[in-house]
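Reviewing the structure listed below.
Please treat every number below as a calculation from the coordinates, not as lab data. These numbers come from a predicted model, not from an experiment. Every residue, glycine as well, gets a Cβ built from its backbone with ideal geometry; the counts of neighbours run over all protein chains shown.
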Amino acid sequence: MDALYTAAATANGREGRAVSSDGTLDLPLAFPPALGGDGKGTNPEQLFAAGYAACFAGALGAVGRQEKADVKDVSVTAEVGIGKDTDGGFALSVVIRVELPAHLEGEQGRALVEKAHAACPYSKATRGNIPVELVVE
């Protein structure tokens with residue numbers, strides 16, 4: 001693959017900072033209270049959720065244009081969970097919630113969401129590695 005764009009960011013741990021190479025992103029990092037932290041910063045799960053939601057929404061927009069479907073009022077929320085895996089480490093899970101406008105409810109809307117899931121680069125990267133549940137609302 002020839003990259004059309006490459007993003008770079010540096011972090012110095014889960015309790016430090018994450019900074020993009022251009023300085024646009026510069027955030028404090030902290031463990032969330034559920035993992036024993038003070039929550040006074042963002043965390044990798046929130047960053048992944050934001051990226052996945054934005055990417056999925058973009059994929060849904062592209063699919064909508066191809067299918068000539070109006071998806072401008074669609075909202076995508078990604079919920080990223082972290083928990084213990086069977087090896088004693090940690091693993092992620094994702095729920096993608098897509099809120100569709102009334103004119104896209106039913107089979108047409110579900111088909112658009114499935115096509116977006118097939119096209120989204122984040123979905124491709126996680127396929128077979130992280131369980132991803134699609135919820136159409």
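Grab the other residues whose beta carbon is less than 13 angstrom from that of Gly41, score K and R as +1, D and E as -1, and report the net.
Surrounding charge for Gly41 is -1.
Using the charge dipole of region 44-136 (Lys, Arg: +1 at Cβ; Asp, Glu: -1 at Cβ; taken about the Cα centre), state which of Val94, Gly64, Pro44 has its Cα farthest towards the positive end.
Result: Gly64.
Would you please give the FRET efficiency between Asp38 and Ala3, computed as 1/(1 + (r/R0)^6) with r the Cβ-Cβ distance and R0 = 30 Å, to the nearest 0.05?
According to the calculation, E is roughly 0.25.
Can you pull the percent of Cα pairs in the chain with separation above 18 Å?
Numbers: 5726 of 9316 pairs.
Of all Cα-Cα distances in the chain, 61 percent exceed 18 Å.
What number, in percent, do you get for the relative contact order of the chain if the mean sequence gap of Cα pairs under 8 Å and at least 6 apart is divided by its residue count?
17 percent
Compute for region 1-42: radius of gyration divided by Kirkwood radius, i.e. Rg/Rh, restricted to C-alpha atoms, rounded to two decimals.
Values: Rg = 13.2 Å, Rh = 11.5 Å.
My calculation puts Rg/Rh at 1.15.
Assuming R0 = 25 Å, can you tell me the calculated FRET efficiency for the pair Val136 and Ala91, based on Cβ-Cβ distance, to the nearest 0.05?
The value I calculate is 0.50.
Could you give the dipole magnitude of the chain about its Cα centre, charging the beta-carbon of Lys and Arg +1 and that of Asp and Glu -1, in debye to the nearest 20? Don't skip to the end; give the middle numbers.
Numbers: 12 positive and 18 negative charges, 40 e Å.
In debye, rounded to 20, the chain gives about 200.
Show me, for region 47-59, the HN-Hα J-couplings you get by feeding each phi into the Karplus relation (A = 6.51, B = -1.76, C = 1.60, θ = phi - 60°), rounded to Hz, glycine and proline as x.
5, 5, 4, 5, x, 5, 4, 5, 5, 5, 4, x, 5
Keeping to pairs on different chains or 8 or more places apart, tell me how many lysine pairs in the chain have Cα atoms under 28 Å apart.
7
Pull out the extension gain between Asp22 and Glu114, defined as 0.36 nm times the separation in residues minus the alpha carbon to alpha carbon distance; nm, one decimal. Please list the in-between numbers first.
Numbers: separation 92, 0.36 × 92 = 33.12 nm, distance 3.42 nm.
Roughly 29.7 nm would be gained on extension.
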